1. Please work out how much length the chain gains when fully extended from Thr14 to Glu43, using 0.36 nm per residue of separation minus the C-alpha to C-alpha distance, in nm with one decimal.
2. I need the phi-derived Karplus couplings for region 89-105: 6.51 cos²θ - 1.76 cosθ + 1.60, θ = phi - 60°, integer Hz, Gly and Pro marked x.
3. Just subtract the alpha-carbon distance of Tyr104 and Asp5 from 0.36 nm times their residue separation and send over the number in nm, one decimal.
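Computed from the coordinates by the stated procedures, all read-outs in this text should not be read as laboratory data. Small disclaimer: the values here were computed from a predicted structure and weren't measured.
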Amino acid sequence: MLKPDEQELLDYVTNTYGQCDKPAQKDWTFEEHFNFFQEELEEMLFDLFTRYGIEHSNFNIDDYFMPEFYWWQFKLKKEWQDRQFKTLTLGMIIESAKAGRWLYD
């Protein structure tokens, strides 16, 4: 577990998960700047939570992203389509790393 340092975390995200030539910024949202499938986002978030010692038992990814559904789950997917999802930013990860626990749920 690393001591949370804002710039180190941003550099780590840029080098490990960056998909463009720009360095990661604190105000970046996951929806806009990380074009991953939900499974990849889960892996990324688990990596960040583990690496920076963020206790995340109260974090629910379904509050932030639509789950992936199989084709036969079309009724369930339709129920989720009107749902309003919260915005997840790198700044939220940084502040939670400083606190040692997920702060936003």
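1. Details: separation 29, 0.36 × 29 = 10.44 nm, distance 1.56 nm.
Gain in length upon complete extension: 8.9 nm.
2. For region 89-105, the Karplus-derived couplings read 10, 5, x, 5, 5, 4, 5, 5, 5, 5, 7, x, 7, 6, 9, 10, 10 Hz, x marking Gly and Pro.
3. Values: separation 99, 0.36 × 99 = 35.64 nm, distance 1.92 nm.
33.7 nm is the gain from fully extending Tyr104 to Asp5.
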